[in-house]
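Colleague: The structure that follows is given in the form of structure tokens.
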Amino acid sequence: MKYLYKNVIAIIIFCSPLAVLHGQVLKMNETQVIGSHNSYKIGIEKPLMDIILSERAETVGLDYTHIPIVQQLDLGLRSLEIDVLYDPDGGRFSKPKGLDILKAQGVEARPYDATVMQHPGFKVLHVPDIDFRTHCATFKICLTLIRDWSKSHADHLPIIITINPKSSGLDKPGFAEVIPFDKAVLDALDAEIFEIFNPTELVTPKQVKGKATTLRQAIVKNGWPTLDQVRGKILFVLDAGKELTELYISGDEAYARPMFANADSNNHHAAFLIMNDPVKQEKNIAEKVKLGFMVRTRSDADTREARTGDRSRFEAAIRSGAQVISTDYYQKSLSPNKDFEISFDGAYSQCNPVLVTASGCQLK
């Protein structure tokens with residue numbers, strides 16, 4: 001009986017190659033995935049982009065676009081980024097100034113449906129008035145799309161969503177005024193997440209902390225959950241400045257908030273870090289990864305690498321072991337010259353090169 005029991009266990013391990021490598025159970029942080037930057041964004045129409053560039057050439061960094069979020073998930077991306085702006089009464093961003101600029105130039109703009117922008121709640125767009133085209137105009141719509149996709153693909157690798165709160169816009173006459181974030185606004189943001197997702201559908205700080213004294217202690221001593229425990233789930237990260245991050249975690253000794261905060265690595269809330277320059281921070285990122293932290297970095301920024309074909313930043317990101325590598329160019333067709341693509345030889349996930357050194361490790 002004892003011999004039979006051992007063989008049953010061996011069969012279970014052998015038949016689960018996506019979660020086990022050479023008898024070792026893979027954990028969530030032992031993966032590396034590619035995700036999209038400003039995942040919701042639809043590119044600025046060319047006539048308006050030309051006007052913007054004529055005023056400030058450096059705004060070429062705004063000139064990129066994405067396929068719809070569900071298509072990104074179908075492709076295999078497992079990280080998304082969403083910018084949120086507070087609009088408690090509705091309508092704050094429903095009349096983009098960019099449409100008036102085009103009209104004044106005698107240019108017919110693409111159709112724009114402002115109906116959903118009238119609804120109260122968080123809106124999703126890049127720069128109010130000029131970079132306002134979006135695949136999902138409200139936070140709830142974005143989250144609902146992700147939730148529904150997740151439910152129909154129950155075995156997917158966890159989807160990591162970084163949330164970037166926008167507290168300022170363009171300070172020009174006639175342009176929308178952006179409401180700064182404070183504790184009440186952060187609470188309202190959490191509420192929208194919990195309105196769409198049940199806590200059991202999420203990977204939360206409280207779950208990862210478990211019985212440890214602090215979240216950081218759990219990460220460093222116990223590590224992250226196994227892949228089998230987090231498949232089909234969503235993990236949210238608040239990507240904010242230091243002041244807003246401190247406001248978010250202050251007083252949350254019960255770790256009741258849904259999002260991991262980009263806190264300093266010595267903070268007792270530290271678990272997930274945003275370190276966006278893998279060239280300058282490669283060694284530091286690798287050190288944090290080895291300690292147990294998860295890290296998001298970027299393979300390209302402001303369209304620079306795509307325009308020159310420079311992959312050195314992406315290569316540094318891979319070597320660093322950052323678990324999430326964000327890009328605007330997961331397909332060549334999205335790049336300026338249709339020749340720049342960020343992927344792991346056509347895939348968008350792999351075992352972490354810093355934490356998993358054995359050969360034969362594969363992820364779906």
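The values are calculated or read from the model by the stated rules, or taken from the named source; none is laboratory data. Fair warning: this is a prediction, and the values are worked out from it, not measured in the lab. Every residue, glycine among them, receives a Cβ derived from its backbone with ideal geometry; neighbour counts consider all protein chains shown. These area figures cover heavy atoms from the full protein model, side chains too; ligands, DNA and RNA do not enter into them. Shrake-Rupley method; radii C 1.70, N 1.55, O 1.52, S 1.80 Å.
Colleague: What are the semi-axes of the equivalent ellipsoid for region 116-169, taken as the square roots of 5 times the Cα gyration tensor eigenvalues, largest first, in whole Å?
Modeller: Working: eigenvalues 125, 33, 17 Å².
Over the Cα atoms of region 116-169, the semi-axes work out to 25, 13, 9 Å.
Colleague: Carbon and sulfur: what percent of region 145-192's accessible surface (1.4 Å probe)?
Modeller: Details: 1180 of 2230 Å².
Solvent-exposed carbon and sulfur of region 145-192 make up 53 percent of the total.
Colleague: Now for a separate question. From the C-alpha gyration tensor of the chain, pull out the three semi-axes of the equivalent ellipsoid (sqrt of 5λ each), sorted largest to smallest, in whole Å.
Modeller: Ellipsoid half-lengths, sorted descending, are 37, 24, 19 Å.
Colleague: Follow-up question, since we're still on this one. Considering only DSSP states other than H, G, I, E and B, which chymotrypsin sites (Phe, Trp or Tyr not before Pro) in region 28-125 qualify as loop sites with at most 15 other Cβ atoms within 10 Å?
Modeller: Values: sites: TYR40, TYR64, TYR86, PHE93, TYR112, PHE122; in loops: TYR40, TYR64, TYR86, PHE93, TYR112, PHE122.
Passing sites in region 28-125 are TYR112.
Colleague: From largest accessible area down, sort ILE196, ILE318; use a 1.4 Å probe on the protein chains. Intermediate values should be presented prior to the final figure.
Modeller: Values: ILE196 20, ILE318 40 Å².
Listed by decreasing accessible area, they come as ILE318, ILE196.
Colleague: Here's a follow-up. Within region 39-140, list the GluC sites (Glu not before Pro) lying in a DSSP loop whose Cβ has at most 16 other Cβ atoms in a 10 Å radius.
Modeller: Working: sites: GLU45, GLU55, GLU58, GLU81, GLU108; in loops: GLU45, GLU108.
Answer by residue number: GLU45, GLU108.
Colleague: Any chance you could get the radius of gyration and Dmax over the Cα atoms of region 209-364, in Å?
Modeller: Final numbers for Rg and Dmax: 16.7, 52 Å.
Colleague: Moving on to the next point. Ranked by accessible surface with a 1.4 Å probe, highest first, in what order do THR297, THR134 come? Don't skip to the answer; put the middle values down first.
Modeller: On the way: THR297 0, THR134 30 Å².
So the residues, ranked largest to smallest area, are THR134, THR297.
Colleague: Let me confirm the definition first: pairs of Lys residues in region 216-305, 8 or more apart or on different chains, C-alpha distance under 18 Å. How many are there? Write out the running numbers ahead of the final one.
Modeller: Details: LYS221/LYS288; LYS221/LYS290; LYS280/LYS288; LYS280/LYS290.
Close lysine pairs under the 18 Å cut-off: 4.
Colleague: With every protein chain kept in place and ligands, DNA and RNA left out, what is the accessible area per residue of the chain? Probe 1.4 Å, answer in Å². Kindly include the intermediate steps, with their values, before the conclusion.
Modeller: Values: 16660 Å² over 364 residues.
Roughly 46 Å² per residue, with all protein chains present.
Colleague: Something else about it: So what's the gap between the Cα centers of region 219-292 and region 328-342, to the nearest angstrom?
Modeller: When both Cα centres are located, 29 Å separates them.
Colleague: Need one value: the accessible area of LYS183 in square angstrom, 1.4 angstrom probe, rounded to the nearest 10.
Modeller: Probe radius 1.4 Å; accessible area of LYS183 about 90 Å².
Colleague: Shifting gears a bit: Just subtract the alpha-carbon distance of VAL107 and ALA154 from 0.36 nm times their residue separation and send over the number in nm, one decimal.
Modeller: Numbers: separation 47, 0.36 × 47 = 16.92 nm, distance 4.59 nm.
Full-extension gain reported as 12.3 nm.
Colleague: Show me the GluC sites (Glu not before Pro) within region 222-321 that DSSP assigns to loop and that have at most 12 other Cβ atoms within 10 Å of their Cβ. The partial results should precede the final answer.
Modeller: Details: sites: GLU243, GLU246, GLU253, GLU282, GLU287, GLU305, GLU315; in loops: GLU253.
Taking region 222-321 and a limit of 12 other Cβ atoms within 10 Å, the loop GluC sites (Glu not before Pro) found are GLU253.
Colleague: Taking region 29-173, how much of its Cα-Cα pair set, in percent, is spaced more than 26 angstrom apart?
Modeller: Numbers: 3035 of 10440 pairs.
Looking at region 29-173, the distances longer than 26 Å represent 29 percent of pairs.
Colleague: Quick one: Cα convex hull volume of region 121-241, Å³ per residue? Can you show the working numbers first?
Modeller: Numbers: hull volume 15.2 nm³, N = 121.
For region 121-241, the hull spanned by Cα atoms encloses 126 Å³ per residue.
Colleague: Quick one: compute the contact order of region 238-328, relative version, from alpha carbon pairs under 8 angstrom and 6+ residues apart, as a percent.
Modeller: Numbers: 140 pairs, mean separation 21.0, N = 91.
That works out to 23 percent.
Colleague: Relative contact order for the chain: what is it in percent, counting Cα pairs under 8 Å that are at least 6 residues apart?
Modeller: Working: 696 pairs, mean separation 76.5, N = 364.
It comes to 21 percent, rounded to a whole number.
Colleague: Taking a ≥ b ≥ c as the square roots of the Cα gyration tensor eigenvalues, with a/c under 1.5 meaning rounded and otherwise prolate when a/b beats b/c, else oblate, which class fits region 76-124?
Modeller: In terms of gyration-tensor shape, oblate.
Colleague: Using the Karplus curve 6.51 cos²θ - 1.76 cosθ + 1.60 with θ = phi - 60°, what ³J(HN,Hα) values do you get for each residue of region 157-162, in whole Hz, with x for Gly and Pro?
Modeller: After applying 6.51 cos²θ - 1.76 cosθ + 1.60, I find 4, x, 9, 9, 10, 8 Hz.
Colleague: If contacts are Cα pairs under 8 angstrom and at least 6 residues apart, what is the relative contact order of region 105-234 in percent?
Modeller: 26 percent
Colleague: Quick one: accessible surface of VAL185, probe radius 1.4 Å, all protein chains present, in square angstrom to the nearest 10.
Modeller: Spelled out: VAL185, probe radius 1.4 Å, area about 10 Å².
Colleague: Just to verify a number: what accessible area does ILE82 come out at with the full protein assembly present, 1.4 Å probe, Å² rounded to tens?
Modeller: Roll a 1.4 Å probe over it and ILE82 shows about 0 Å².
Colleague: Name the residues whose placed amide hydrogens come within less than 5 Å of the amide hydrogen of THR134, ignoring near sequence neighbours (fewer than 5 apart) on the same chain.
Modeller: For THR134, whose amide H was placed from the backbone, the distant partners under 5 Å are ILE42.
Colleague: Could you go through region 198-205 in sequence order and give the Karplus-derived ³J(HN,Hα) for each residue, using 6.51 cos²θ - 1.76 cosθ + 1.60 with θ = phi - 60°, rounded to whole Hz, and x for Gly and Pro?
Modeller: My calculation for region 198-205 gives 6, x, 6, 8, 10, 9, 10, x Hz in order.
Colleague: Give the long-range amide H neighbours of VAL237: residues separated by 5 or more places, or on another chain, with amide H under 5 Å away, using H modelled in the peptide plane at 1.01 Å from N.
Modeller: Excluding prolines and chain starts, which carry no amide H, the hits are ILE161, THR162, ILE163, PHE260.
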